[in-house]
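In what follows, a single structure is set out as structure tokens and then discussed.
The values are calculated or read from the model by the stated rules, or taken from the named source; none is laboratory data. Since the structure is predicted, the reported quantities are computational estimates derived from the model, not experimental observations. Every residue, glycine among them, receives a Cβ derived from its backbone with ideal geometry; neighbour counts consider all protein chains shown.
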Amino acid sequence: MYLLDTDVFSITSPSSGFRTPEAEAWREWVERNQSALYFSVATIMEVRFGMEKLKANGASAKAERLRKWLAAAETLHRNRFISVTVEIAHKAGVLLYRAVANGTMPGAEDALIAATADVRQLTVLSRNAKDMMALNAEWLNPLEAVPPDALESLN
């Protein structure tokens, strides 16, 4: 089972500029493996921040396309959004402190995503190698190597 980081979730958006063979393989994998995907509510915050920034910069049409895409994703995956619990918040604080103590400064949202995956025993799918390594997350970059289909990994 997998937890999507915002950077790979956003590739499934119609506004995504990724048009590489790797991105297309990723999108196809997502279609086949939707039931194995989970999301942190921190991802909603990050996408919403991006929408608000687009609107502030005059890109209202793009912001509206993202709003519709996010609303559809929230409906489709409604049972697979994971809230930040007290346990996840504590774990995120520990992971963030360790990363900072080791000289890196990942964002709090990345710490929440890494902690969510750790607490829920999920693998993070992310392109953010630097922060995921700093947070000691179990992670894969699906644009470097698409994970095996969820049903195949259960066999």
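For first residues located in the range 51-66 and in contact (Cβ under 8 Å) with a residue 24 or more places away in the chain, partners that are surrounded by 11 or more Cβ atoms within 10 Å (Cβ to Cβ) and in a helix (DSSP H, G or I) and lie 6+ apart or on another chain with Cβ distances below 6 Å form the pairs 62/54; 66/51.
Filtering the range 67-93 to residues that are under 13 Å from the mean Cα position of the chain (by Cα) and either basic (Lys, Arg) or exposed (fewer than 14 other Cβ atoms within 10 Å of the Cβ) (or both) leaves only 80. In the range 19-43, of all residues being touching a residue at least 40 places away in the same chain (Cβ under 8 Å) and assigned to a loop (DSSP other than H, G, I, E, B), the one that is surrounded by the most Cβ atoms within 10 Å (Cβ to Cβ) corresponds to 33. Entry remark, the range 80-120: residues being touching a residue at least 60 places away in the same chain (Cβ under 8 Å) and of a type outside the set (A, V, I, L, M) number 4 in total. For the range 1-17: of the residues being buried (at least 16 other Cβ atoms within 10 Å of the Cβ) and of a type outside the set (Ser, Thr, Tyr), which is nearest to the chain's Cα centre (by Cα)? The residue in question is 5. Only one of the numbered conditions (1) surrounded by 16 or more Cβ atoms within 10 Å (Cβ to Cβ); (2) in a loop (DSSP other than H, G, I, E, B) is violated by residue 50, and that is (2).
The one condition from (1) of a type in the set (Lys, Arg); (2) modelled with pLDDT under 95; (3) within 16 Å of the chain's Cα centre (by Cα) that residue 48 does not meet is (2).
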